[in-house]
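First comes the structure, then the notes that go with it.
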Amino acid sequence: MFSILATKSIPHLDMTATLLQHDCGLQVLALDCPDNENLCATAFLTIPSNSTGVQHIIEHCVCEGSLNYPVKSPFSELDRTSMATLLNAFTYNDHTVYPFASTNQADFFNLWNVYWDCVFHPTFKPETFHQEGWHLEWSNPKNFNSKLLENGIVLNEMKAEMDDLDAIVENEILKLLIPKSTLAHNSGGTPAQIVKLDYKKLLKYYKDNYSPTKARVLLYGNIPLQKKLDFIEKQLESMDINTPDIQKPRPTATTLNASAKPRRKTVKIVPEFNNRNSDAWAIAWLAVPRADQIQKLIAELIDSILFDNDGAPLKMAILESELADDLSAISGFNSDAPELVFTVATTGTNARNTRKLKKNLLDTLEQFVKNGPTQQQLEAALRQLQVEKLEINNQILYTLIDNVFDAWLRDENPIDALDSLKQLEQLQNILENNPEILQQFVKDHILDNPHCAEITFVADKTLARQRNEAEAFRLHNLKTTLSADQKKTIAQNQAKLQELQAKQDSQEALDTLPKLKRSDISPYPIPVNPINIAPQGQVPILSEAIPTNKINYLKIAFDMASFEQEDLEVITFFVMMLNHLGTKKLDYAQFDERLAACGAAIEADYAFNSPAVPQLKPTAILTFKLYSLDQTWQRTMDCLDDRLHNTIFTEHKRILDLLRQRWAKARQSLLADAHAYAKTRAATGLTKQTVANEIWVGLTHIAKARSLANPSKRELDNLIGKFERLFRTLSNATPLLVAHVGPESARDQLLERFLGVASQPKAFPGLRETDRFPQKRTEAFAISGQVGSIALAFKTPDFFSPHAAALATLAELLDTGPIWENIRIQGGAYGASCQYLPFSGLMICNSARDPSPSRSLGAVHSILKQKHNWTQRDLDGAVISQLKDAPMRPAARRDFILHANLAGLTYEIRTKYRQDLLNLTLDDLKAAEQTIEPSDANACIIGTKRQIQNIEASILQLKHL
Ligand SMILES: [Zn+2]
C-alpha cells in the first residue's frame, strides 16, 4: 500500500507533485501534468568508495539480460523496437538512474515491464561482466605467446574519458582537495582501477544496493497516477520482500578543514600538438561541505555574474590576460554533489605563468568582494536564472532527473527542489535584506577559506609513449606470472564470450518481449502550425503561439549565395566574431552584458538547407537565433538590430584573443569528438555540402584555426578586410525568412522590424574544388589518445528516390543490429552507428572510443557488403523505432519552422514519408539494399600511431591539410 507523504502544485511547470511511500520502503514522486511524453526513472544511491567503476559497470550489465526476458540484450531490443523517446541509464557521482520515456501509453507500460525486470532481476552472467566491464584476451587465442590484452566497453569508454583534458583536470583537483569524499572517487571508473574489479565484488555491490525497498521512482506525464501505482503494486506483489528496509540517510558529508594549508601539486599531461602553451592550471576551494538549496542558488548566481557572458569579470580577467588561451568548462561552482566546490581552471597555459594567473584571479575576486556586482550585472544574472528555470526545452526530462534525484537521494525534499521559481523569490528577498550577501559568500567561502588545492599540469611530449610502454610492460609481466592453466582459462573465457556474442536470440526468447504493432501508431506526424503574419510580398514572418512560459524564440535566415568562393574558409571565424565582438556604440563586453540583462542571448550560425521538393535548390544560410523574456522583448530586438547593422571589427586585441581561443577549443575537441571529425572527413567530397562542411567544422578547419592562432600583422589585416566585406553584404541583405515561437503579443515588434521585399533563395555558388577530395579515399590521422574512431561514407539514393524510407530503415537495422553487435559488443568500442542522411543522399557508419579501429574498418566493410536476412519482426521494430514522436519543444519548433519552410517540407510531404515507412515491406527493403555501393566508400581513421600503422591509407597531418 502507498501512503501520501506530501502534495503540492507547481504552477510554472503546470504540474501537481505527490510524494508517496510504499509499505516496503519504496518511494514514488509523481508529477502529474498535461505533457504526453511520460517519463519513469528509477534510482538508487550508489556511493563510490574507490574508482573501480563498479557502479558504472553494474549500470551497463543491468541492461544486458533479465529473468523474464531471456534475450541477449533486452535494452538493445527495446531500443530497436519501441517508440521510446528516452531510454538510457546514467551513473552519477553518488547515484544511478534508469530512465525511459514514451508518448505512447501502451509503449510506456511495455517499456516499464522490461525495465523493471532488468533493474530488479538481472541475470548478471560472468560473460556480461567481461563484455561490459573488462576482460583479458589473447591477440591470437591459439597462441599463448601472442600479446595479452585488456578489453571491455566501460574500460574503453573511460580510457577515452581520461584523454579529455577537462576530465583529467577535474579528477585530479578534486582528489587533491577532498581526498576522502565521494567526489574524489570516480564512479565511472578509471582504467587503472577498473581492471582491479572482479565479478564477485560486482555481484555483492548489486545485492547491497539494489532492492525495491531502497528504490526511488520518479513519474512524470499525463497517464493517470493510479494506473502507474497499480503497476508498481503488482510488480512488488510478485517479489519476495520480507523486511522493509528504508533507505538510510547518506553518510555524513565531507568536513571542512579550517586549519588546512593549501595543497599544491604538479601533474604531467599529454599535449595534443606541438604547441607553445600546452600546460594547464587549476585551483579549487571546498566552499561548503554540505550545501542547501539556497546556498546552491547563491552559488549559481555568483557563477553567472563571474563567468556567464563576455563581459563577466572573471572570464574577462583570465581571457584578456593572455596568460591562458581558454577557460576550462569546469570553472565555477559544481552543482552535482552535496559538497560545493569552486574551481577555476585554464587550458592553453604556460606553467611559468601560473603565479600571475593566480594573482589575476585573486585580485578579481577581491575587487568583487570590495565593490560587489553592478546593478546591471546583478539584474542580468537574475534574469538568466529566471530564463533557466522557466524554459521548456528539449532537456526538460534530463533537468527533472538531475534536480529531483540530487535532492531526494540526499534526503532533502524533492518537491521543494522542483519549485525553483519559489526559491528564486526567496533568493531575491535575501538579496533585498542583505545586499552584500554575494560578496560575503565569496569572502568567507573562497578568499578567506584555507581549504584549497592548486595543480599545475605540465605538458610532457614523451608521456604518451611512456604510458604505452608501461602498459605493454605491465601486461607482458602479467603474462609471465600466469600458469599454464590460467593462460588456458583466458583463452576459454575469450572463446565462450565470443560464442555467446555470436549466438542469435531464439524466436521463442524474442517473443517474450512485449511489442507494439504498426497499427498502434498514428499515420500522421506532429502538426506544426505557424501563420505568416507579414503582408503579401514581404519577407515571410512565420509565427506560432504556443505556451512558452512567456519566452520568445526567434530565428532569421540570410542567404549566403552572394558570398564568394574564397570566403568559405573564413565563415566559421566570421560567425564567431558576430557572436563575440562589440558594435559602434558598445564594446564587446558591454554588448553581451546588455543582452544578458534582457534575459536574452543571440547566436549566429550557418547551415546548409537541402530541399524537400525537386524544384528548389540547396541553399547555404547564415542564421541568427535568439531567446528573450517577453517583458524585455523590445530591448532585445534593439540589440539584434545593433548586431545586424553596427558590428565593428576594430577591436584587434579581442579578435586575436578569439582566434587563440578558437585554436585551443579546436585542438581539445579533436580528442573528445574524434568520431565527429572522422565522419565529416569521410563524407567530404561526396556532395558539395560535405566539402563546405569539412572546411567549416572538419579537420581542415582545425588546421585553419591553428594557422590563424598567431597571425602576422598582414594576415590579420587581410582577415579583418574579409570580415568587413562579409558584414557589409550581410547588413544590406533582407532576410529570407523569419520564424517565431512565443506569445502573440510579440508579433507587433516583428512586423515593425522585418520589413522588406520577399526574395527567393538562390543556389549556393558551390565549390570548384570538389576534386580536392578524390573518391574512394582511405585517410588516417594520428592522435595521442588511447582509443580511436573510424568512419565510412558513401553516396546513396536521396529523399526524392522511392527508396528513401527503406534506406532509412536499412540504416536503422544496421545501426541497432550488426554494426552495434560487431563494433560495440564484440569489438569493445563504446560507440557504433550507421546513419542515412536522406536530404544529402549519404550513408555514414562510424565507431567511437574504439580500441581497434583497423578491425572495425574491416568489419564495417564486410557488414555493408553482406546480404542480411531481415525478418518481419526486425522490419516492424525498425519502422516503429523511427516514429518516436518526441514532442517538439518551443526552440525546436522554431528551428523546424525555419528549416522546413526553406526546404519546402510541407505537412503533406511529412505525412507521405511517414506512411511510406508504415507501409514498408521486406521486398522494399531488399530493393533498397540493391541500390547501395559500399565499395565506393571513403574512409577516415583517427587513432594512435600504433593503431593506424597497419592500415593502407594516406596518412594525414594537420599542417598539410
Ligand atoms: Zn557507460
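The values are calculated or read from the model by the stated rules, or taken from the named source; none is laboratory data. Because the structure is a prediction, the values reported are computed rather than measured. Cβ placement follows ideal geometry from the backbone for every residue including glycine, while neighbour counts extend to all protein chains displayed. In case anyone asks, the SASA skips ligands and DNA or RNA and just uses the protein heavy atoms, side chains included. Shrake-Rupley method; radii C 1.70, N 1.55, O 1.52, S 1.80 Å.
Listing for the model above:
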{"item": "Top-ranked residue of the stretch 118-132 - restricted to ones that are part of a helix (DSSP H, G or I) and open to solvent by 40 Å² or more (accessible area, probe 1.4 Å), ranked as farthest from the ligand (Cβ to nearest atom)", "result": "Pro126"}
{"item": "Residue match in the stretch 678-700 (condition: modelled with pLDDT of 95 or more, open to solvent by 20 Å² or more (accessible area, probe 1.4 Å) and of a type outside the set (Val, Ile, Thr))", "result": "yes"}
{"item": "Filter result for the condition that a residue is open to solvent by 20 Å² or more (accessible area, probe 1.4 Å) and either more than 16 Å from the ligand (Cβ to nearest atom) or in contact with a Cys (Cβ under 6 Å, 6 or more places away or on another chain) (or both), over Thr91, Thr85", "result": "Thr85"}
{"item": "Residue within the stretch 435-447 that is farther than 29 Å from Ala324 by Cα, open to solvent by less than 40 Å² (accessible area, probe 1.4 Å), touching a residue at least 24 places away in the same chain (Cβ under 8 Å) and assigned to a helix (DSSP H, G or I) present", "result": "yes"}
{"item": "Candidate set: the stretch 153-173, residues that are open to solvent by less than 20 Å² (accessible area, probe 1.4 Å) and away from the ligand (no atom under 13 Å from the Cβ); chosen: the one farthest from Ala666 (Cα to Cα)", "result": "Ile173"}
{"item": "Test set (1) open to solvent by 30 Å² or more (accessible area, probe 1.4 Å); (2) in contact (Cβ under 8 Å) with a residue 60 or more places away in the chain; (3) of a type outside the set (Ser, Thr, Tyr); (4) part of a helix (DSSP H, G or I) - Leu810 fails condition number", "result": "(1)"}
{"item": "Where Tyr115 falls short, out of the listed (1) closer than 18 Å to Ala509 by Cβ; (2) away from the ligand (no atom under 16 Å from the Cβ); (3) surrounded by fewer than 22 Cβ atoms within 10 Å (Cβ to Cβ); (4) among the hydroxyl-bearing types (Ser, Thr, Tyr)", "result": "(3)"}
{"item": "Single unsatisfied condition, Ile58 versus (1) more than 16 Å from the ligand (Cβ to nearest atom); (2) among the β-branched types (Val, Ile, Thr); (3) not in a strand (DSSP E or B)", "result": "(1)"}
{"item": "Residue that is open to solvent by less than 10 Å² (accessible area, probe 1.4 Å), within 15 Å of the ligand (Cβ to nearest atom) and more than 22 Å from the chain's Cα centre (by Cα), where the choices are Pro74, Pro48", "result": "Pro48"}
{"item": "Hits in the stretch 184-199 (condition: within 14 Å of the ligand (Cβ to nearest atom) and over 20 Å from Leu475 (Cα atoms))", "result": "Asn186, Ser187, Gly188"}
{"item": "Contacts under 6 angstrom Cβ, first residue in the stretch 915-939 being in the same structural domain as Lys884 (by TED's automatic domain parsing) and of a type in the set (D, E, K, R), partner surrounded by 14 or more Cβ atoms within 10 Å (Cβ to Cβ) and assigned to a helix (DSSP H, G or I), 6 or more apart", "result": "Asp916/Ala805; Asp924/Ala806"}
